[in-house]
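Okay, so here's the structure we're looking at.
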Amino acid sequence: MGDNVVYKILKEHLLEGEPAPGAEIGIRIDQTLTQDATGTMAYLQFEAMGIPRVKTEISVSYVDHNTLQTGFENSDDHRYLQTMNSNYGIHYSRAGNGICHQVHLERFGRPGATLLGSDSHTPTGGGIGMIAIGAGGLDVAVAMGGGPFYLTSPRVVNVRLNGRLRPWVSAKDIILHVLSILSTRGNVDAVIEYTGPGVGTLSVPERATITNMGAELGVTTSVFPSDGLTRAFLKAQGREAVWRELLPDPDAVYDRIIEIDLGGVVPMVACPHSPDNVERVSSLKGMKVDQVAIGSCTNSSYRDLSVVGAVLKGRKVHPDLSLAIAPGSRQVFEMIARDGVLADMIAAGARIMESACGFCIGAGQAPKTGGVSLRTNNRNFEGRSGTASAQVYLVSPETAALSALVGELVDPLDMRPEDFPALVQPDSFIIDDSMIIPPSDVEKPIFRGPNIGEPPYTEPLSDSLRGIVQLKVGDKITTDHIMPAGARLIYRSNIPKYSEYVFEGVDPSFSSRAMEAKAQGLYTAVLGGHSYGQGSSREHAAICPMYLGVRIVMARSFERIHAANLVNFGILPLVLSNGADYDEIRQGQEFEAADLRSRVAGGEGIRVRIGGRDYDFELPVTPRQRKILLEGGLLNYTRSRMR
Ligand code: MIC
Ligand code: SF4
C-alpha cells in the first residue's frame with residue numbers, strides 16, 4: 001500500500017509515536033514562523049525557557065499584523081522583536097515587507113519540509129508541498145527550541161481536481177466550493193491532500209489560496225504535491241535548488257475521496273458571518289456594495305493583483321464605493337509598481353494600503369454602519385471588520401474588482417470569456433531580501449517598552465476547584481469573540497490589560513465578574529456549544545481567560561488549535577458527555593469539581609457538580625497533555641523537563 005504526500009512528509013519527520021490515524025505523534029519541525037501579534041508572547045516564552053539559540057533550519061519573525069502605529073505600543077513591540085530575534089538566531093522580516101504567509105511562500109517555503117507557525121493560516125505553505133501547521137505561540141516556542149510538535153496523526157481527505165477552471169473563475173471559488181461541501185465543522189484532525197489532473201492547471205500562488213483558506217475548514221492543514229509548476233515557481237524566486245518532486249504513490253490510500261470538476265466550479269461568495277455560509281455569486285448579483293477590500297494572505301499574490309489591475313485599467317471605481325487594495329508582500333508591491341499595474345489601480349481610484357494584514361484583521365477600513373463589504377480575505381466573523389453591524393462577504397479578486405466598478409455584486413461569468421486578462425507567470429520575480437534582517441552573532445541589549453510584560457505565571461492544577469459558570473454561549477464561538485483583535489491588539493504583550501477585554505463583544509461585564517470572583521478565591525467556568533474556539537490561533541484566547549481565573553471550559557466540541565492552547569495554559573477543555581446537559585446548565589450557577597488530580601492523571605473523565613447536580617464530561621486529551629495539565633501548563637512542563 002503506497003503513501004500519500006501527507007504521510008511521506010510525516011514519516012520523514014517522525015520522532016515519536018505510530019503514524020496511524022488517531023494516534024498522537026511527535027514530529028521534527030524544520031521551519032517556524034511567527035507574526036508580531038502572536039510573536040511577542042511566543043518570544044517572551046522562548047526567553048523564559050532559557051535556550052540560547054533556535055535549533056531549527058530557519059525561524060522567521062514577521063511584522064505584519066500590528067503595523068498601525070497610533071501609539072507607542074506597536075513600535076515598541078517591533079523593536080523588542082528585532083532586538084530579541086537578533087540575539088536568538090531568528091530572521092526578522094520588517095514591517096512593510098509583507099504578510100508572513102505570502103513572504104514565507106516566496107522566500108523560505110520548500111517542498112517536503114515541516115513548518116510550524118503561530119498563525120492559523122500557516123497552511124498556506126501547503127501550496128508549495130510542505131506540511132505547514134498553525135499552532136499557539138508556546139508550541140512554536142518549544143519547536144524553536146528543538147522540541148517535537150505533537151499532533152493527532154491525521155485522516156487524509158483526498159480532493160481530486162479534474163478539468164480546468166473557466167475564465168473569470170479562480171482558486172478562491174474552488175476553496176469556497178470545498179467549504180460548501182465540508183463546512184467549518186467536523187474536520188478536526190483531518191488533512192486535505194489535493195491531487196488529480198486539475199492540479200497541473202494551478203500555479204503555486206493559486207494553490208496557496210486554497211491551502212490558506214483550508215484553515216476555515218478546521219483541518220490540521222492542506223497540501224498540494226510538488227511538481228513541475230512548483231519547480232517553476234521556485235526557479236522564478238531564485239530558489240530552484242530547494243525543489244524536490246513529491247507526488248503520492250500510484251497506489252496511495254486516502255480516508256475519503258471528493259471529486260471536483262473544475263470546469264463546473266462557478267463564482268462563489270461566503271455570506272455573513274461565516275466562511276462556510278457559501279452561495280453562488282449569481283444568486284446574489286445586483287446586491288448594493290459599499291466597500292471592496294482586496295488583499296490579505298488569501299488573495300494578494302502577483303497573479304491576483306495583475307487580474308485586478310487589468311480589470312480596473314482605464315475604468316473608475318463607482319462613486320458610492322470605496323476600494324482598498326493591499327499587496328501581499330513587498331515583492332508583489334514592487335512588481336506591480338514596475339510593470340504599471342499599480343498605476344492602473346491608482347488611476348481607477350483605488351486606495352493603496354501597506355503590504356500587511358490591515359483591513360483583514362480590522363486594523364483600518366472598518367465599513368460604514370450596516371455597510372456591505374466585499375473582501376478577498378478568509379474570515380467574515382461578525383464584528384471582525386471593526387464595525388459590529390457590517391455585512392462582510394468573501395469573494396475572489398475577479399468578483400471583487402468587477403463589483404468595485406459597478407457598485408454592486410457582479411457575477412464574473414456575465415463577462416465574455418475572451419475578455420479575461422491573459423496571465424503569464426513571471427520567469428523571475430524581483431528578489432530583494434534587504435528587509436529580512438538575519439540574526440547576529442554579537443549579543444546586544446534587548447529593547448523592552450512599558451507595554452511588554454512577563455509571560456504569565458500558571459500554577460499546577462489544584463485537586464478541587466470551586467467557582468461560578470460566568471458565561472454560557474452558543475455554537476461557533478471564535479477566538480475573535482473570546483479575545484477581540486482590531487484596535488485591542490495593541491495590548492497583546494500586556495496580559496493584565498488585554499484581559500479586560502475578554503468576551504468584550506459577547507458580554508462586556510464578563511471580565512470584571514471573573515476578576516471579582518477571583519478576588520474572593522473563586523474560579524470561573526465557561527460553557528460553549530459546538531466548534532468552540534474556531535478561527536485564529538491566538539493563544540491569548542487561553543492566556544487571558546487563565547489570568548481571569550478560568551480553569552474550566554465546557555463545550556459540545558472544540559476546535560484543534562484552541563483546545564491545545566487551553567491545555568497549554570492549564571485550562572481543562574471538557575466535552576459534555578450528554579449533549580442535553582447543555583440546555584440544563586445555566587449561566588450564574590455555582591460549580592465544584594473534586595479529585596481532579598487523580599482523575600486527570602488516571603486518564604478518566606471529569607465530574608463537575610453544577611447547581612447541585614453532577615454532570616459528566618470527557619477530557620479528550622492525550623496522556624502527554626494530561627501531564628501538562630497537572631503541571632499547570634506547557635511552560636512549566638517544558639521547564640521541568642529541561643531541568
Ligand atoms: C487571523 O487571521 O485571525 C489572525 C489575526 O491572523 C490570527 C492570529 C492572531 O490572532 O494574531 C490567526 O489566524 O491565527
Ligand atoms: Fe493576516 Fe488576515 Fe492572513 Fe490573519 S488572515 S494572517 S490577519 S492577512
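The numbers here are math on the coordinates, done by the rules we state, and not lab data. Predicted model, so just to flag it, every value in this text is computed and none were measured. Every residue, glycine among them, receives a Cβ derived from its backbone with ideal geometry; neighbour counts consider all protein chains shown.
Listing for the model above:
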{"item": "In order through the range 88-98: 3J(HN,Hα) via Karplus (6.51 cos²θ - 1.76 cosθ + 1.60), integer Hz, x for Gly, Pro", "result": "9, x, 10, 6, 10, 9, 5, 4, x, 7, x"}
{"item": "Share of Cα-Cα pairs in the range 586-634 lying beyond 14 Å, as whole percent", "result": "53 percent"}
{"item": "Highest-first arrangement of 135-141, 619-625, where packing means the average Cβ count within 10 Å", "result": "135-141, 619-625"}
{"item": "Relative contact order, percent, the range 201-273 [alpha-carbon distance under 8 Å, six or more residues apart]", "result": "23 percent"}
{"item": "The chain - percent relative contact order, Cα under 8 Å, separation 6 or more", "result": "14 percent"}
{"item": "Rg [Å, one decimal], Dmax [Å, integer] - the chain, C-alpha atoms", "result": "23.6, 72"}
{"item": "Cα gyration tensor, the range 359-441 - rounded (a/c under 1.5), prolate or oblate", "result": "oblate"}
{"item": "Square roots of five times the Cα gyration tensor eigenvalues for the range 175-239, Å", "result": "25, 11, 10"}
{"item": "Computed [θ] at 222 nm, helices only, for the chain once each DSSP H run of length n ≥ 4 contributes -39500 (n - 2.57)", "result": "-8000 deg cm²/dmol"}
{"item": "Cα gyration tensor shape of the range 334-402, rounded if a/c is under 1.5, else prolate or oblate by comparing a/b with b/c", "result": "prolate"}
{"item": "Percent RCO, i.e. relative contact order, over the range 399-502, from Cα pairs under 8 Å lying at least 6 residues apart", "result": "21 percent"}
{"item": "Burial ordering of Phe591, Phe447, Phe233, fewest other beta-carbon atoms within 10 Å first", "result": "Phe447, Phe591, Phe233"}
{"item": "Cα gyration tensor, the range 1-137 - rounded (a/c under 1.5), prolate or oblate", "result": "prolate"}
{"item": "Once the Cα gyration tensor of the range 467-552 is diagonalised, semi-axes √(5λ) in Å", "result": "18, 16, 10"}
{"item": "Neighbour-count ranking [beta-carbon atoms within 10 angstrom, fewest first] of His530, His121", "result": "His530, His121"}
{"item": "Peptides 178-187, 606-615 ordered by average Cβ neighbours within 10 Å, highest first", "result": "178-187, 606-615"}
